[in-house]
1. With 19 Å as the limit, write out which pairs from K21/K98; K140/K218; K191/K212 have Cα-Cα distances beyond it, or answer none.
2. Mind checking which of S34, A151, Y123 is farthest towards the positive end of region 1-156's charge dipole, using Cβ charges of +1 (Lys, Arg) and -1 (Asp, Glu) about the Cα centre?
3. List the lysines whose Cα lies under 16 Å from the Cα of K25, skipping any in the same chain that are fewer than 8 positions away.
4. Among [x] 66, 52, 35; [y] 58, 43, 34; [z] 63, 50, 36, which is the computed Cα extents along the principal axes in Å?
5. State the antiparallel share, in %, of DSSP beta bridges confined to region 1-101, rounding to the nearest 5.
6. Using only DSSP helix segments of four residues or longer, with each worth -39500 (n - 2.57), what per-residue ellipticity at 222 nm results for the chain after dividing by its residue count and rounding to 500?
7. What are the ³J(HN,Hα) couplings of region 88-95, residue after residue, when phi is run through the Karplus curve with 6.51, -1.76, 1.60 and θ = phi - 60°? Round to Hz, x for glycine and proline.
8. Counting DSSP beta bridges with both partners in region 101-204, what percentage is antiparallel, nearest 5?
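The values are calculated or read from the model by the stated rules, or taken from the named source; none is laboratory data. Keep in mind the model is a prediction, meaning the values are calculated, not measured. Ideal geometry is used to build each Cβ from the backbone, glycine not excepted, and the neighbour counts take in all protein chains shown. Calculation scope for accessible area: heavy atoms of the full protein, side chains included, ligands and nucleic acids excluded. Shrake-Rupley method; radii C 1.70, N 1.55, O 1.52, S 1.80 Å.
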Amino acid sequence: MIYFVGAGCGAKDLITVRGWKLLQKADVIIYAGSLVNPELLEDAKEGCEIYNSASMTLEEVLEVMVKANEERKNLVRLHTGDPSVYGAIREQMDELEKHGIAYESCPGVTAAFGAAASLNLEYTLPGISQTLIITRMEGKTGVPEKEKIEALATHQASMAIYLSAGMIESLCKRLVEGGYPGETPAAIVYKATWPEEEACVGTLLTLPQIAKEKGITKTALILVGEAIAQRGYEKSRLYAADFETEFRKKKGLS
């Protein structure tokens, strides 16, 4: 069996219990060496075959998977964060299906949520934003025209932008052109939840200079939106005394 497992976004203990158990039982592990915390490999069982996919092609990864399946071994494909976000897993799964090989997915903590935890953020503050957009700027891999940064910026929702730290000046300029005011709160979080994590908060106008001063050009997430400031929001109706739920009656009303 092939298991696609999310390793979490940095800290070793952010892998799920399910993912950790699968890792311990694996006969073969293929991990994203440039991104996954190598400390996780310390929990691999003795004799486990370990491959670093950073230097492998899709065909080479598939070759290891097919061989493991033929030998009736459990293989864990260890991806950074959550495999479903920029994990390039669909192309692997399609190839496995062609070979009639069974597979399962195990979720992980993606960087957007690791970064939010580092800054104690809530992306969905009532009265501010009830939407979180996870996206990236086009680079070597393009994006659909309707998902260009300017188009997404028109919503002025909370936004977590991956794989774009090296283009931050252009990114912030395009976000403003798309509709965010220049003073919109923004943050850049380098290596969220890793020991060397660095989180900086500013605005769309100041963030490029902050990133430049800190020397942050990659492995960072950019967060944008009024929710980043954590102010001016409305309290949740869920906990209001006059709000009745299946589990709680209205209180304090005559």
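1. Details: K21/K98 28 Å; K140/K218 14 Å; K191/K212 16 Å.
Violating the 19 Å Cα-Cα cut-off are K21/K98.
2. Y123
3. Answer for K25, where 16 Å is the Cα cut-off: K45, K73, listed by chain and number.
4. Working out Cα extents along the principal axes in Å from the coordinates points to [x].
5. Around 5 percent antiparallel, to the nearest 5.
6. After summing the helix terms and dividing by residue count, I get -7000 deg cm²/dmol.
7. 6, 8, 4, 5, 6, 5, 4, 5
8. Antiparallel bridges: around 55 percent, rounded to the nearest 5.
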